[in-house]
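Novice: First, the structure itself, so that you have it in front of you.
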Amino acid sequence: MPAYNPKSEHAEEFICDEEIQETLEYAARNKSNRGLIESILNKAAGMKGLNHREAAVLMDCDLPEMNERIHDLAREIKKAFYGNRIVLFAPLYLSNYCVNGCVYCPYHGKNKSIPRKKLSMEEIAAEVRALENMGHKRLAVECGEHPAYNPIEYVLDAIKTIYATKTEYGSIRRVNVNIAATTVENYRRLHEAGIGTYILFQETYDKKNYEALHPTGPKSDYCYHTEAMDRAQMGCCDDVGCGVLYGLNSYRYELVGQLMHAEHLEARFGVGPHTISVPRLCPADGIDLKDFPNILPDDIFCKIIAVIRISAPYTGMIISTRESRNVRERVLDLGISQISGASRTSVGGYTTPERHDETAQFDVHDQRTLDEVVSWLLALGYIPSFCTACYRAGRTGDRFMHLVKAGKIHHCCTPNALLTLEEYLTDYAGEATRKLGQEMVDAEMVKLPGPVKDKAKEYLRRIRGGERDFRF
Ligand code: SF4
Ligand code: SF4
C-alpha cells in the first residue's frame, strides 16, 4: 500500500487512500469533541488555513453552536481576503466531441442521442462577440477530449481567435482553459498562448470510484489525471484550478482529497491551487440522479464551502450557474469569490440559444441575464468585478500568492473591481443597474487608501471620458 507523502510525484502517495480513511475515522471520533474543535477554530481564526485532518473534524462537527462558529469564521475570512468583490466570468464551450466515458456527463463518447458540434474559428468569434456584447471580459474555455476533433492545435487556435476578437468596447482579457489532462509540452504551449488559469476537475479523488465512473478513454487513467496539475506546473501554468464534482462520491472523502491535493501542490511547487471550484452533480440529458446516492443537500453543500474557505483562505472559490439563485446567494458570503453569469453550457449556445436544450452539458439553474446578475450583486452590497489584471501584470503562481498571503492583493482587487465595473456600467448596463452601480462606485471609491484613491480617481475620470482598460 503506498505511503502518504505530500511531496511525492505519484498520485497514490500524495492522495493516499489510507491517509484519507484514517482522517475520516479521526474526524468521526472527534465530531463532538468540543475542546479539539475549539482549538481548531482558534487556529483557523489566525487566517493561515488548516490541514486536511483539522478540516475533516470541522466538516464532521455535530455541535450546533460550533457549526455556527464555523460559518461565522468563514464569513470573516471571506471578508478579510476578498472584501465585497465578486468576479464574473462565463464558460465558452468549443466542442462536445469526446472519447471519454464519464458516466455522469452527457458528452460521453457512447451517448448517441446528443448532437455533436465543434465550433469553427468563425463561430468562436461570433460566440465571443455575443459574450463581449453582454460585457464579459473573462472566459473559461471548455472542450471535450477528442484527439482527432479537438487536438491541442485547435484549442490554441481558439485561444488566439478569442483574444483577437474585439467589438467597439469589448475584448476578452483573460481566457482560462478547462481541457483534458495533457503533457508538459502541451501545458507549455497553453502557457505561451497566454492562458490565465488551467482548470481541471478531479471529479473524485477515490481511485476505485474514479475508475468505475470513467470506464473508458484516456481519462480512465486515475494517476495521469490526478498528476495533471503537476505537469501543468512543470509546463509553466502556475495558476491551476481544482475541483471535485460533489455528489459522485462521499463528500467527506472528497473534501479531504481536495485539501490534500492543495497541500501537495504547495509542498511540491510552493504554490497551492489558484482556485477551487465546487460543482455539484445536477440533472442533464440521459443522466438520472437516482443513480447517484451521494447527492448533497444544500446545507451540507454550504458547509463544505465554509470549511474550504477556512482551510484555504488564499484560494479563490468558484460557483457556476449549476446552482440556483438562492443557493448562490447563500454561499457568496461564506467563501465564493467568482461566479459565472448568463452562462450557456452548450456548444454555440450564445449565438444559437435554441440549440441549448439539445446539447447542454448540464442544466443551468440560474438563467438570469448578466445585467440581472450584476444588478442582484449590487443590491446585495457586492461589487461585481470584471477584473483580469493579475496574470496580465505577471502576478501569477508564487508571485500572486505572496501578495495574497501578505494581505496586499486588496490594493489591486478593489480599485480594479471599481474600474471594470465602471466600464461595464458605461458600456453595457441597463438604466436601473447603471444607477445602482454608479452609487456603489462612488461610495467605494472614497474608502480606497490615499495614493490608490488618487490614481483610481484619475483612471475613473478617463474611463468616463472614453478610455478603457486601466489596471492596478
Ligand atoms: Fe468528456 Fe469531460 Fe464529459 Fe468526461 S466530463 S465525457 S471528459 S466532456
Ligand atoms: Fe483577481 Fe488579481 Fe483582479 Fe484581484 S487584481 S480580482 S486577484 S485578477
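One line per residue, one yes/no per condition, for (1) among the charged types (D, E, K, R); (2) within 29 Å of D427 (Cβ to Cβ); (3) within 16 Å of ligand 2 (Cβ to nearest atom):
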site	(1), (2), (3)
E123	yes, yes, no
E127	yes, yes, no
L131	no, yes, no
L139	no, yes, yes
G144	no, no, no
T165	no, yes, no
V175	no, yes, yes
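Novice: While we're on this one: Could you please let me know if E76 is outside any loop (DSSP other than H, G, I, E, B) and of a type in the set (D, E)?
Specialist: So E76 fits the description; yes.
Novice: Restricting the search to segment 410-452, which residues are of a type outside the set (V, I, T), assigned to a helix (DSSP H, G or I), over 25 Å from the mean Cα position of the chain (by Cα) and modelled with pLDDT under 95?
Specialist: Those that are of a type outside the set (V, I, T), assigned to a helix (DSSP H, G or I), over 25 Å from the mean Cα position of the chain (by Cα) and modelled with pLDDT under 95: G450, P451.
So that you can scan it fast, the table gives a plain yes or no per residue for (1) touching a residue at least 60 places away in the same chain (Cβ under 8 Å); (2) not charged (D, E, K, R):
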site	(1), (2)
H52	yes, yes
L63	no, yes
R75	yes, no
L88	yes, yes
P91	yes, yes
L94	yes, yes
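Novice: For segment 145-170, give me each residue that is touching a residue at least 40 places away in the same chain (Cβ under 8 Å) and hydroxyl-bearing (S, T, Y).
Specialist: Y149, Y154, T161, T165, Y169, listed by residue number.
Novice: Residue by residue through segment 381-418, note down the ones that are among the polar types (S, T, N, Q) and closer than 15 Å to R174 by Cα.
Specialist: Hits for segment 381-418 are S385, T388, T396, N416.
Novice: Out of the residues in segment 451-472 that are of a type in the set (A, V, I, L, M, F, W, C) and within 14 Å of ligand 2 (Cβ to nearest atom), which is surrounded by the fewest Cβ atoms within 10 Å (Cβ to Cβ)?
Specialist: Going through the qualifying residues, I end up with V452.
Yes/no per residue for (1) free of Cβ contacts under 8 Å to residues at least 60 places away in the same chain; (2) out of contact with any helix residue (DSSP H, G or I) (no Cβ under 9 Å at 6 or more places or on another chain); (3) surrounded by fewer than 19 Cβ atoms within 10 Å (Cβ to Cβ):
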{"residue": "C143", "(1), (2), (3)": "yes, no, no"}
{"residue": "T183", "(1), (2), (3)": "yes, no, yes"}
{"residue": "T204", "(1), (2), (3)": "yes, no, no"}
{"residue": "K219", "(1), (2), (3)": "no, no, no"}
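Novice: Go through segment 181-198 and give me each residue that's touching a Cys at 6+ places or on another chain (Cβ under 8 Å) and either modelled with pLDDT under 95 or closer than 21 Å to C102 by Cβ (or both).
Specialist: If the condition is that a residue be touching a Cys at 6+ places or on another chain (Cβ under 8 Å) and either modelled with pLDDT under 95 or closer than 21 Å to C102 by Cβ (or both), then Y198 is the only one that fits.
Novice: Further, regarding this structure: Suppose we filter A443, A406, A417, A379 for residues that are within 18 Å of G83 (Cα to Cα), touching a Lys or Arg at 6+ places or on another chain (Cβ under 6 Å) and of a type outside the set (V, I, T); which single one remains?
Specialist: A417
Novice: For residues in segment 285-300 being of a type in the set (A, V, I, L, M, F, W, C) and touching a helix residue (DSSP H, G or I) at 6+ places or on another chain (Cβ under 7 Å), which is modelled with the highest pLDDT?
Specialist: My answer is I300.
Novice: Quick check, is E168 acidic (D, E) and outside any loop (DSSP other than H, G, I, E, B)?
Specialist: Judged against the criteria, E168 is not a match.
Novice: Tell me yes or no: at least one residue of segment 324-332 is more than 16 Å from ligand 1 (Cβ to nearest atom), at pLDDT below 95 and surrounded by 20 or more Cβ atoms within 10 Å (Cβ to Cβ).
Specialist: Looking for residues that are more than 16 Å from ligand 1 (Cβ to nearest atom), at pLDDT below 95 and surrounded by 20 or more Cβ atoms within 10 Å (Cβ to Cβ), one finds at least one in segment 324-332, hence yes.
Novice: Here is a follow-up. So in segment 361-400, with the set limited to residues that are part of a loop (DSSP other than H, G, I, E, B) and among the basic types (K, R), which one is nearest to ligand 2 (Cβ to nearest atom)?
Specialist: That would be R395.
The values are calculated or read from the model by the stated rules, or taken from the named source; none is laboratory data. Small disclaimer: the values here were computed from a predicted structure and weren't measured. Glycine gets a Cβ as well: all are built from the backbone with ideal geometry, and neighbour counts include every protein chain shown.
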